[in-house]
Structures are given as C-alpha cells and as structure tokens.
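Right, one structure below, let's go through it.
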Amino acid sequence: MENDRQDTLARLMEEHGDRLYRLCLLLLRDPHLAEDAVQDTMLKAWRGLDGFEARASEKTWLTAIAVNVCRDYRRLYWYRKRLDSEELLEQIPAPPDAEPQDDEILRQVLALAPKYREPVLLYYWQELTVPEIAALLHEKENTVSTRLRRARAQLKQTLKGWDDDG
C-alpha cells in the first residue's frame, strides 16, 4: 500500500513537476520559493491521495494545491524578496514543446495585479478552462471571465505597438 502511494507520487512528480515549477515560479517570482512550493504541493498531494476522488483531473487537482501553496507563501512575512523581471525571465524553464518567443508578453503579464495575473497564467500557461480556474480560485465563473477580459484589455494597452512586424 505504501509503495503504491510512493509510486503514485513519483509518477505525479514526473508528469507534472516541471509544469508546477513554472507555475509556482511565475506566481512567486523566486526560484527557491518555487522549488519549496512544488515540494509542499507534492507533500500535500501525497497526504491527500486517499481523499482524491478524481472529480477533477490530476492536473487540475495539483494546480489547485500549488496555487493555494503559493498564496500561502505570499501571505508570509518572509515573502518580500522580489527578483528583477529580467532575472526571473531567465530562470523560467520553457515548456518542452515551446517555440522561442519574445519575453515582453510574459513581462507584462507578471506586472499585472495578482487578481488578474493568476487567471491569465492559469488560462494561457496552464491551459485550464474558465470553470476549472473558477473552482481553483474559489470564484464565480463570471468573475474569472471578467478578470480575464480586464487583463486582456490592460495587456492590449501596454503592448500597443509592441509587435509592429506582425
């Protein structure tokens, strides 16, 4: 029984670890805190394996845990260190299937207020649906949709003229 749980945890880390690290790094802006957050996420997942009823996908379940862990970290007094955006962008590993891209969009997303940044990261970088994001953030679907719309409007304004070549 214990070996099954360890095998499941190892599989979850193998399948979702890199994605969770990128998410935590984007939310926390600190590579060391992101690593700790992923470890705490996996520890909480391991403790909650028996209660996981598969009403959501493993990806959604782990993302919800990671978002809550990151929120807890941000509330703590020692989460005051901020990295320079350039330094942060250099440390974010690219997804395995990612194409080379200009970091200006990500730079502007990271500059959004957290209530806008979280839905954008979950929607575009984690590829979750609005209902999944609403469940993760404990918000109404309309609230998530509104925040995505407002974030897009802010990004459109700040990125105006950024990509004149196409």
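Just a few scattered comments:
- When residues of segment 1-42 are limited to those that are over 22 Å from E127 (Cα atoms) and among the hydrophobic types (A, V, I, L, M, F, W, C), the one farthest from the chain's Cα centre (by Cα): M1
- Any chance E99 is modelled with pLDDT under 70, charged (D, E, K, R) and assigned to a helix (DSSP H, G or I): no
- Comparison of R47, R11 shows that the only residue that is open to solvent by 90 Å² or more (accessible area, probe 1.4 Å), at pLDDT 75 or above and among the basic types (K, R) is R47.
- Residue that is surrounded by the fewest Cβ atoms within 10 Å (Cβ to Cβ) [pool: residues in segment 124-147 that are of a type in the set (G, A, S) and without any contact (Cβ under 8 Å) to a residue 24 or more places away in the chain]: S145
- All positions within segment 51-70 that are open to solvent by 20 Å² or more (accessible area, probe 1.4 Å) and in contact (Cβ under 8 Å) with a residue 24 or more places away in the chain: A56, E58, K59, A64, I65
- Annotation note: Cβ proximity below 8 Å between a residue of segment 30-44 that is part of a helix (DSSP H, G or I) and a residue that is open to solvent by 70 Å² or more (accessible area, probe 1.4 Å) and modelled with pLDDT under 90 (sequence gap 6+ or interchain) occurs for M42/M13.
- Enumeration of residues in segment 111-166 that are at pLDDT below 85 and more than 25 Å from L20 (Cβ to Cβ): L159, K160, G161, W162, D163, D164, D165, G166
The values are calculated or read from the model by the stated rules, or taken from the named source; none is laboratory data. As the structure is a computational prediction, the values presented were derived from the model and not from experiment. No Cβ is skipped: glycine too gets one built from the backbone with ideal geometry, and neighbour counts run over all protein chains shown. What goes into the accessible areas is simple: the full protein's heavy atoms, side chains included, and nothing from ligands, DNA or RNA. Shrake-Rupley method; radii C 1.70, N 1.55, O 1.52, S 1.80 Å.
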